[in-house]
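Here the structure is laid out as structure tokens; the discussion comes afterwards.
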Amino acid sequence: MEKLMNEKVIPKIMAFVNMKGIQAIKDGMVYSMPLLIVGSVFLIITNFPIQAVVDVLEQTGIKAVLEQANGATFNISAMIAVLGISYNYIKLEGQEPLSGAIVALGVFIMMTPASVATESGDVVGGIINKNWTAGKGMVGAIIVGLSVGFIYCWFLKRNIRIKMPAGVPDGVSNAFSALIPGAAIVLGATTIHGIFSMGFQTTAMEAIYNVIQTPLQSMTDSIGGAALMCFLTPFLWFFGVHGSTIVGGIMTGILQANSLENQALVEKGIELTVKNGGHIVTMQFFDQFINTTGAGITIGLVIYMFALSKSKQLRTLGRLELVPALFNINEPILFGIPIVMNPMLAFPFIAMPVISCVLQYAALYTGLCPLYGATQVPWTCPPIISGFLIGGWRTALLQLIIFVISFLLYFPFIRKVDRLNVVKEAKAEEAADEDW
């Protein structure tokens, strides 16, 4: 099995992960994180759990001000994504990226609906509809970002551009270099928009949402899709491949879209439930439950090492890892025990995230815990605190229950490793005494 994974499966996975398009998506989506985290602060305040505070915010007009800040952070995440993805793709191709990213942003806006119907039935045109610059436009942003990046680089690599004489400032030279590829891309995008608007009475972004994004979100929102995602993360890690980055990089766009659509329901005054169309599997589902305390949810392992281990090696590692684990970092024990390529710890390491997935999914589906809106915290936010921030005391309690299960699941396996280490250490000390 190990030979098959190392020689056949892992190289193919790495070849896929190292594709420029995948790297561009992974790195490009990160650009929206600062806005989303900052926006979460305003979101928490505007949805404060004490109604009296919310009433004061509404009466004083402060809530409207905070909602404007929220709209300028969460509701433009797809626009940031299309900029980031196209920028990184063009950069990976070795070309000047900013001009191409600006072209991609223009194409994205062209593809989105430019009108909205008011409550009275009037149609207002000439707008950028924020419904499509957040969650609903996320897959469209990925497609536009990659497509524009590829076409833009195709022109530049073949020197189909306007070349300026030496001595012209770089900003001016780059702007003129972008003219021909930019004009071709905008012309093509205009043609596509015309086909959808005149032929199908819709927009390209709406078509992408209905045909591609909605089925993808439904797939990831199923228990099977969620369990597969949670299985792959530790499974890849077991073979030394950074599963959290790989799975997270591929799934971030869809998971963010799920989170933002949940928040859109809240903003419309609709109760956030599965029955009302709320999504279960979101970015918070992945970050605060599947990767909490690190891949494999190893907090139970660390607690044993810190408090109960008889082996000097494990006890020392436990003391070193306890604080990093509280900030969701566990590389020291992945490679220090090690867990990577260690068959004795494979089962709990791979099984624990899947167990967490099933329990969390059941709690959210049944309403025992609330669905997640768009409130996000940094992935390094300590557990229990992160649970409280994204879902209140019930979510924090669910995290605590999962940590107890983590301890119980890892206990028999790490105890066996501990006993073997004690024997090895004793033999090493005897050998050292004999040499002395």
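Pick from region 245-261 the residues that are more than 16 Å from Ser40 (Cα to Cα) and hydroxyl-bearing (Ser, Thr, Tyr): which of them is modelled with the highest pLDDT?
Top of the filtered list is Thr252.
Test of understanding: among Ile151, Ile180, Ile162, which residue is more than 33 Å from the chain's Cα centre (by Cα), modelled with pLDDT of 90 or more and closer than 17 Å to Ser99 by Cβ?
Ile180
Can you tell me which of (1) more than 28 Å from Ala426 (Cα to Cα); (2) among the hydrophobic types (A, V, I, L, M, F, W, C); (3) surrounded by fewer than 24 Cβ atoms within 10 Å (Cβ to Cβ) is the one Val340 doesn't meet?
It fails just one condition, (1).
Look through region 183-205, keep the residues that are open to solvent by 70 Å² or more (accessible area, probe 1.4 Å) and either more than 20 Å from Ala101 (Cβ to Cβ) or modelled with pLDDT under 90 (or both), and return whichever of them is farthest from the chain's Cα centre (by Cα).
Met198
Within region 222-272, track down each residue that is among the β-branched types (Val, Ile, Thr) and in a helix (DSSP H, G or I). Explain how you work it out, then say what you get.
In the first step, residues of region 222-272 are kept if they are among the β-branched types (Val, Ile, Thr); the result is 223, 233, 241, 245-247, 250, 252, 254, 266, 270.
Listed by number, the residues that qualify are Ile223, Thr233, Thr245, Ile246, Val247, Ile250, Thr252, Ile254, Val266.
Please verify whether Thr133 is out of contact with any strand residue (DSSP E or B) (no Cβ under 6 Å at 6 or more places or on another chain) and free of Cβ contacts under 8 Å to residues at least 12 places away in the same chain, treating the condition exactly as stated.
Numbers: out of contact with any strand residue (DSSP E or B) (no Cβ under 6 Å at 6 or more places or on another chain): yes; free of Cβ contacts under 8 Å to residues at least 12 places away in the same chain: no.
Criteria not met by Thr133.
Out of (1) closer than 30 Å to Tyr365 by Cα; (2) of a type outside the set (A, V, I, L, M, F, W, C); (3) buried (at least 22 other Cβ atoms within 10 Å of the Cβ), the odd one out for Ser218 is which?
Unmet condition: (3).
I'd like the full set of residues that are surrounded by fewer than 23 Cβ atoms within 10 Å (Cβ to Cβ) and within 22 Å of Asn70 (Cα to Cα), limited to region 119-138.
Matches in region 119-138: Ile127, Ile128, Asn129, Lys130, Asn131.
From Ile297, Ile329, grab the single residue that is β-branched (Val, Ile, Thr), touching a helix residue (DSSP H, G or I) at 6+ places or on another chain (Cβ under 9 Å), surrounded by fewer than 22 Cβ atoms within 10 Å (Cβ to Cβ) and outside any helix (DSSP H, G or I).
Of Ile297, Ile329, the one residue that is β-branched (Val, Ile, Thr), touching a helix residue (DSSP H, G or I) at 6+ places or on another chain (Cβ under 9 Å), surrounded by fewer than 22 Cβ atoms within 10 Å (Cβ to Cβ) and outside any helix (DSSP H, G or I) is Ile329.
Looking only at region 300-326, count every residue that is of a type outside the set (Val, Ile, Thr), over 27 Å from the mean Cα position of the chain (by Cα) and part of a helix (DSSP H, G or I) and tell me the total.
Count: 12.
For region 343-389, what are the residues that are buried (at least 17 other Cβ atoms within 10 Å of the Cβ), closer than 15 Å to Ile405 by Cβ and among the aromatic types (Phe, Trp, Tyr)?
Within region 343-389, Phe349, Tyr361 meet the criteria.
Among the candidates Ala81, Ala101, single out the residue that is in contact with a Phe, Trp or Tyr (Cβ under 9 Å, 6 or more places away or on another chain), under 22 Å from Thr214 (Cα atoms) and assigned to a helix (DSSP H, G or I). Lay out the reasoning, then the answer.
Values: Ala101 fails: under 22 Å from Thr214 (Cα atoms).
Answer to the check: Ala81.
The values are calculated or read from the model by the stated rules, or taken from the named source; none is laboratory data. All figures in this text were calculated on a predicted structure; none of them were measured in a lab. Virtual Cβ from ideal backbone geometry, glycine too; neighbours counted across all protein chains shown. When the accessible area is computed, the model is the full protein with side chains, heavy atoms only, and any ligands, DNA or RNA have been set aside. Shrake-Rupley method; radii C 1.70, N 1.55, O 1.52, S 1.80 Å.
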